[in-house]
1. In whole angstrom, and with the biggest value first, how far do the Cα coordinates of segment 189-291 range along each principal axis?
2. Going 7 Å from the Cα of L39 toward and past its Cβ, which residues in segment 98-132 have a backbone nitrogen under 14 Å from where you end up?
3. Would you grab the residues whose amide H sits under 5 Å from the one on T161? Only those 5+ places off in sequence or on another chain, please, with H modelled 1.01 Å from N.
4. Rounded to a whole number, what is D in µm²/s for segment 129-274 from Stokes-Einstein with the Kirkwood radius over alpha-carbon pairs (4 °C, 1.567 mPa s)?
5. Scan segment 10-113 for trypsin sites (Lys or Arg not before Pro) in coil per DSSP, keeping those whose Cβ has at most 10 other Cβ atoms within 10 Å, and list them by number.
6. State the percentage of accessible surface on the chain attributable to carbon and sulfur atoms; use a 1.4 Å probe and exclude ligands, DNA and RNA.
7. With every protein chain kept in place and ligands, DNA and RNA left out, what is the accessible area per residue of segment 238-291? Probe 1.4 Å, answer in Å².
8. Could you state the orientation-averaged shadow area of the convex hull built on the Cα atoms of segment 75-126, in nm² to one decimal?
Amino acid sequence: MLRLPKFEYLSPKSVDQASSLLSLHTGDAKVIAGGTDLLVRMKRREIKPKYLIGLRNIPDLDYVKYEEAGGLRIGALATNNSILNSPLIQKKFYLLTETISKMATPEVRNIGTIVGNLCNAAPSADTAPPLIVLGAKARLTSSKGERIALLEDFFLGPGETILQTGEWVTEIQVPNLTPGTGAAYLKLSRTAMDLAVVGVAVAVRLKGKTCTDVKIALGAVAPTPMRAKRTEEILKGKTIANELIEEASRIASEECKPISDVRGSAEYRREIVRVFTRQAIEQALERAAAA
Ligand SMILES: Cc1cc2nc3c(=O)[nH]c(=O)nc-3n(C[C@H](O)[C@H](O)[C@H](O)COP(=O)(O)OP(=O)(O)OC[C@H]3O[C@@H](n4cnc5c(N)ncnc54)[C@H](O)[C@@H]3O)c2cc1C
C-alpha cells in the first residue's frame, strides 16, 4: 500500500462552513467522514483531491433521531456501529441492524459512516438495497440551499451520484414501516469482512395471504444498487404461493445486470440472485406475518 498523496485538511465547524468550503474548492475537494473508503482510494491513487473537508468538528452531526410521525433520521457522522448498537433501530428498523451486522469489522464499523457508505456509491454498498426498500431519502445540502432525494434515484454509476458540485449529504431519512410489513437482507461475500458478491433486500406488506406491497433491491449485480421492479410486479396484489415466489426469483435473476470480476462470475451472481431473492422473500413474508 502506497503512502497517502499530499492534501490539505480543512476542518469546518458548521454545516454552512462545510458547504462554503466545498463550493470554494469546487472540483478539488472531497468530504471525508470516516475515511475507510476515501483514504484507501487515495492511497491507490484512484483519486487525488487537493483538499479534504473533514466533518469531525461539526457538532451534533452524529445523531440517530426518531419521531413517531417523521420516522428515523441519521446524521452524516453517525457510524455504522452506532446504528448497529441502537436499541431503537433494532426494535423499529431491524433491517438496518441485520444489514450492518453483515458489514466489515467492528473496527471499520466504528469509524465508517452509513452516509459515507452511500456516497462512496459502490454497486456493492451494503446499506443501499435495504435503505431503498425502506423508501429512504437523502438530504442534500449546499451553500445554495437544500433538496431531498429518494435514495433509489441517488446512484448514477460506480462512484457516481446525483450530488452536484458543492453538494453533500447531511442526513438520511427513513420512514416508518407500514404495519404488516416484513423485511430482510441477504448478503453473499467471500469472507465475513468482504464486500458483497450479491446483496438482496426485500420489504413486503401482507394482508392475510395477499401481498399488498413489495419492494426488492439488489446490490453488486448492476452498475448501481437497483430496484427489481419487474420482480415486484410478479408479487404485487397476488396471493402468495411457492410457485409465485419461484417465478419472481427467476425474473430477478433475469433483470439484474451483473458483471464478472474477482468476486464472482456474472452467471454465478445471477444464480445467487435467484436463490437469495426466494430466501429473502420467504424471510420477509415470515416477518410480515409476525408483524
Ligand atoms: C476492511 C474493510 C471492510 C469493509 N467492508 C465493507 C462491507 O462489508 N460492506 C460495505 O458496504 N462496505 C465495506 N467497507 C467500506 C466502508 O467501510 C464503508 O463504505 C463505510 O461505511 C464508508 O464510510 P466512511 O465514513 O468511512 O466514508 P469515507 O471514506 O469518509 O467517504 C466515502 C466517500 O463518500 C464521500 N462522503 C462521505 N461522507 C459524505 C457526505 N456526508 N456527503 C457527501 N459525500 C460524502 C467521500 O468524499 C468519499 O467519496 C469496508 C472497508 C474496509 C476498509
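1. 44, 26, 21
2. Those under the cut-off are 107-113.
3. Excluding prolines and chain starts, which carry no amide H, the hits are L156.
4. Calculated translational D: 79 µm²/s.
5. Values: sites: K13, K30, R41, K43, R44, R45, K50, R56, K65, R73, K91, K92, K102, R109; in loops: K13, R44, R45, K50, R56, K102.
Of the trypsin sites (Lys or Arg not before Pro), the ones in loops of segment 10-113 whose Cβ has at most 10 other Cβ atoms within 10 Å are K13, R44, R45.
6. Working: 6950 of 13610 Å².
Of the solvent-accessible surface of the chain, carbon and sulfur hold 51 percent.
7. Numbers: 2900 Å² over 54 residues.
Counting only protein heavy atoms, the per-residue value for segment 238-291 is 54 Å².
8. Convex hull of Cα atoms, orientation-averaged projection: 3.4 nm².
The values are calculated or read from the model by the stated rules, or taken from the named source; none is laboratory data. Just so you know, these numbers come straight off a predicted model, no measurement behind them. For neighbour counting, all protein chains shown are included, and Cβ atoms are generated from backbone atoms with ideal geometry for every residue, glycine included. Ligands, DNA and RNA are stripped out before the accessible areas are found, and what is left, the full protein with its side chains, is counted by its heavy atoms. Shrake-Rupley method; radii C 1.70, N 1.55, O 1.52, S 1.80 Å.
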